[in-house]
Amino acid sequence: MTARTAEVLLGWALRICNHRRPWQHRGPQMLMIESFDRGLSHIWSTGPSHRPLAGLAVYKVRYYSQGKTYGQDVVERKQGNSIQTQSSGTWSSPSRTSPDQPAKRVPFYDQLRECGSPSDVLDLAGQYTATHRRVSNCLTRCWESTKKMSEEQRRYELRIMFEHAGFEELLQRTMQDARHMRSEDLAYSLLATVKLGVSQSSRVVQTLLRVCQENLNEFDEKSLSVLASCLEHLESSPNGDALKEGVRLMIEALLPRIQNVMSLQTLMRHMGRDTPVDIKKKLERKALSLADQFTLPNSQYMITTLASMGFCSKPLLAVCSRKIAEHVHGVPFHRLVSVLRAYKELHSRDVALFTAISDYVASSITMWNNKQDLAFCPTAMLDAFAERVTKNPDALGLKDVLSVLKTYSSLNHNLQSYREPFLEGVTHVVVSYLPKMAASELLKVVYCLCLLGHFPAAPLEQLLQKETLEEISARGGRLQKGMEKKLQIVDLCLRLDRPSLPKPLTIPPEALGSPAPNDLSINPGLSMTLQSIAQEGLLQEGVMVEDLYFIDGVITQPRSLQEATGGRAPSEGEFPPPEHSQRIAVFCASLSSFCYGTSRPRGNLAIKLRHLTVLGYTPVVVLEHELDNLSEEERTELLKTRIFPEQERPANVEQMTD
């Protein structure tokens, strides 16, 4: 064999080795994920015959942008003893300058940081030799450059990027270099590719997923954190699901060595709600061990992280809420909203934190727009916002009005001196939007106004028009019952509150739907105690009033004869007439029926108490959790003090009806 022949054979061997497919597996790793090859064969195919063209190595890169599909074959052609890609000069040759202009060279990464759009990045990339790190950094910079753009500008820039010839080459190089990248570059490449909108079923994304699987044991804390943040936005696929499960196992193994708070929080989010309780406890202990490193943003993010996991960790919440309360003036408003929503999801409360937020927002309310004001509504903020609305009601949009009315009616807030000007201002805005309101929106507005005890004629008349009621009844679906109940309450308000209107208004019975079910269960603890304290024949259980309000028990208590006869001494054998009997309506309510930290009833409970009083009942509300935590003897004593207030009662017992 001549030296020339040996050189040719060696060249062919090197080319064959270099053209190993980037998704092809070697060694025992193939056993773990080989079953996915068949399921993803359609991703790799390049034509109807599922074979590459003769003499060509064809790679199909397919991705999506703005609802359109872009596909382009990048073809590698054999030319003599070398293989040259289309436009290979763009990625292979360094930038050149004229001999007459020996301009000073600026380092690649300094120029990359100055790029303000994906197109700038792609133009710069074409001037330098491609390396594994540069490919990854170019992808990442493409994504980062769009993060602060407006939505319209971002769509435009991404469209230009997908049409740029350099982007096809960048994705091609990403597939070729994936196996040689460091774990951090690999994770950032996958994150950037997904964030830029490249189709998750494309070869480039699937190749990155497979290489991540193979090299998962090499991922450190930071790389794993980046990978976990990417998987959070990944659609279900064989490769993606396998990688997610692998990351879960890696998190458990890596947990003792994690020292970065942000990395830990990202990994906690990846674990999700389905994480076993013992693993959540391990994550909690690890987070508490790093609590002294928590910054203000860490504290905010930890609370929302716990909500995403469905894990109410009281020690972690206490640490984070204390830091936020101390530095509440340094927290952006939208993050305060996120924190409050997280507390709601976790069914947790922190009076100190809520008070700090309330005072801060009330003191700086002029800085916020209407939509921001309405995210949460403690008393101080409600008063400040009511004053603002009174001065300029026209600043409210339709959605603002809906939010305002829902908030004030739900919290049953006492507007005091602002009541009349506030309601008049809101009503003025409502009337101006009547032609634009859908029937469902109009019903919500009227319902909220009725809860507030305000009955403007124009919205009521439009609601009770035949066309509007027919539109509401035709809506159907799971929201139908809620709308029927709102109509029933509006009907009761018109009949019981008797508002002063230009003409009498009533809702047709057929529009009210079916009445509330009368098979609601009576609280067993309350029932037992009522039977023990009420005289025989004076207790009626499971009463439905006006086909809407359920009462656990009604005790008919005869008034004294002297009170019934107007103060004169009763004659012998005289008994009080039935109309002079006192009807005490006793029923249970949940803790959420009251404004948090107070005994003030919220919207639905407030209207129930108001209407029962109009109907001649004396309402007595008992909290469900109160009954559940008391012995039978304590329940008896509690109900006696609530139902028969004329009897002596302990000074520390507080009535919960107001």
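The values are calculated or read from the model by the stated rules, or taken from the named source; none is laboratory data. A quick note: this is a predicted structure, and the numbers were derived from the prediction, not measured. Every residue, glycine among them, receives a Cβ derived from its backbone with ideal geometry; neighbour counts consider all protein chains shown. What goes into the accessible areas is simple: the full protein's heavy atoms, side chains included, and nothing from ligands, DNA or RNA. Shrake-Rupley method; radii C 1.70, N 1.55, O 1.52, S 1.80 Å.
Of the residues making up the range 472-509, just one is touching a Ser or Thr at 6+ places or on another chain (Cβ under 8 Å) and more than 25 Å from Ala606 (Cβ to Cβ), namely Arg475. When Ile472 is evaluated against the numbered criteria (1) at pLDDT below 90; (2) more than 30 Å from the chain's Cα centre (by Cα); (3) within 28 Å of Val545 (Cβ to Cβ), which criterion, by number, is the only one it fails? It is condition (2) that Ile472 fails.
Counting only helices (runs of 4 or more DSSP H) wholly contained in the range 112-217, the ones carrying 1 or more residues that are of a type outside the set (S, T, N, Q) and farther than 30 Å from Pro238 by Cβ occupy 118-125, 132-144, 151-163, 165-177. Restricting the search to helices (runs of 4 or more DSSP H) fully inside the range 418-520 and requiring at least 1 residues that are of a type outside the set (D, E, K, R) and open to solvent by 40 Å² or more (accessible area, probe 1.4 Å) gives 419-433, 457-463, 466-475.
Across the range 96-140, the qualifying residues are those that are of a type in the set (Val, Ile, Thr) and loosely packed, with under 13 Cβ neighbours inside 10 Å, and the one among them that is modelled with the highest pLDDT is Thr129.
Within the range 613-632, if we keep just the residues that are in a helix (DSSP H, G or I) and among the hydrophobic types (A, V, I, L, M, F, W, C), the residue that is most open to solvent (accessible area, probe 1.4 Å) turns out to be Val614.
Here is a check on your reading of the model: is Lys314 within 21 Å of Lys222 (Cα to Cα) and among the basic types (Lys, Arg)? Taking the combined requirement at face value, the residue does not satisfy it.
Taking every residue in the range 598-609 that is in contact (Cβ under 8 Å) with a residue 60 or more places away in the chain and outside any loop (DSSP other than H, G, I, E, B) and pairing it with any residue that is small (Gly, Ala, Ser) and surrounded by 22 or more Cβ atoms within 10 Å (Cβ to Cβ), at least 6 positions away or on another chain, the pairs with Cβ-Cβ distances below 7 Å are Gly603/Ser409.
For Ser236, the conditions (1) more than 17 Å from Leu290 (Cβ to Cβ); (2) touching a residue at least 12 places away in the same chain (Cβ under 8 Å) all hold with the exception of (2).
The sole residue among Asp278, Asp274 that is out of contact with any helix residue (DSSP H, G or I) (no Cβ under 9 Å at 6 or more places or on another chain), more than 25 Å from Val331 (Cβ to Cβ), in a helix (DSSP H, G or I) and modelled with pLDDT under 90 is Asp278. Evaluating Val211 against the criteria (1) over 16 Å from His132 (Cα atoms); (2) in contact (Cβ under 8 Å) with a residue 40 or more places away in the chain leaves one unmet condition, (1). Just for the range 247-300: of the residues that are under 23 Å from the mean Cα position of the chain (by Cα) and basic (Lys, Arg), which one is nearest to Ala187 (Cα to Cα)? Among those that are under 23 Å from the mean Cα position of the chain (by Cα) and basic (Lys, Arg), it is Arg269. Scanning the range 218-253 for residues that are buried (at least 16 other Cβ atoms within 10 Å of the Cβ), in a helix (DSSP H, G or I) and among the hydrophobic types (A, V, I, L, M, F, W, C) returns Leu224, Val226, Leu227, Ala228, Cys230, Leu231, Ala242, Leu243, Val247, Met250, Ile251.
Rundown of residues vs (1) assigned to a helix (DSSP H, G or I); (2) more than 15 Å from Thr295 (Cα to Cα); (3) modelled with pLDDT of 85 or more; (4) not polar (S, T, N, Q), yes/no style:
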site	(1), (2), (3), (4)
Cys312	no, yes, yes, yes
Arg322	yes, no, yes, yes
Ala356	yes, yes, no, yes
Val361	yes, yes, no, yes
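Taking the conditions (1) without any contact (Cβ under 8 Å) to a residue 40 or more places away in the chain; (2) within 21 Å of Asp383 (Cα to Cα); (3) under 21 Å from the mean Cα position of the chain (by Cα) in turn, Phe354 satisfies each one other than (1). Determine, yes or no, whether Ser410 is of a type in the set (Gly, Ala, Ser), open to solvent by 30 Å² or more (accessible area, probe 1.4 Å) and over 25 Å from Leu512 (Cβ atoms). Spelling it out, it is not the case that Ser410 is of a type in the set (Gly, Ala, Ser), open to solvent by 30 Å² or more (accessible area, probe 1.4 Å) and over 25 Å from Leu512 (Cβ atoms).
Counting the residues of the range 325-348 that are farther than 12 Å from Ile303 by Cα and open to solvent by 20 Å² or more (accessible area, probe 1.4 Å) gives 8. In the set Arg583, Arg635, Arg610, only one residue is among the charged types (D, E, K, R), in contact with a helix residue (DSSP H, G or I) (Cβ under 6 Å, 6 or more places away or on another chain) and either open to solvent by 30 Å² or more (accessible area, probe 1.4 Å) or at pLDDT 80 or above (or both); that residue is Arg635. On inspection, Ala165 qualifies as in contact (Cβ under 8 Å) with a residue 60 or more places away in the chain, of a type in the set (A, V, I, L, M, F, W, C) and open to solvent by 10 Å² or more (accessible area, probe 1.4 Å).
For every residue, the table says whether it meets (1) closer than 28 Å to Leu520 by Cβ; (2) modelled with pLDDT of 90 or more; (3) open to solvent by less than 50 Å² (accessible area, probe 1.4 Å).
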position	(1), (2), (3)
Gly542	yes, no, yes
Arg559	no, no, no
Gln562	no, no, no
Thr565	no, no, yes
Ser571	no, no, no
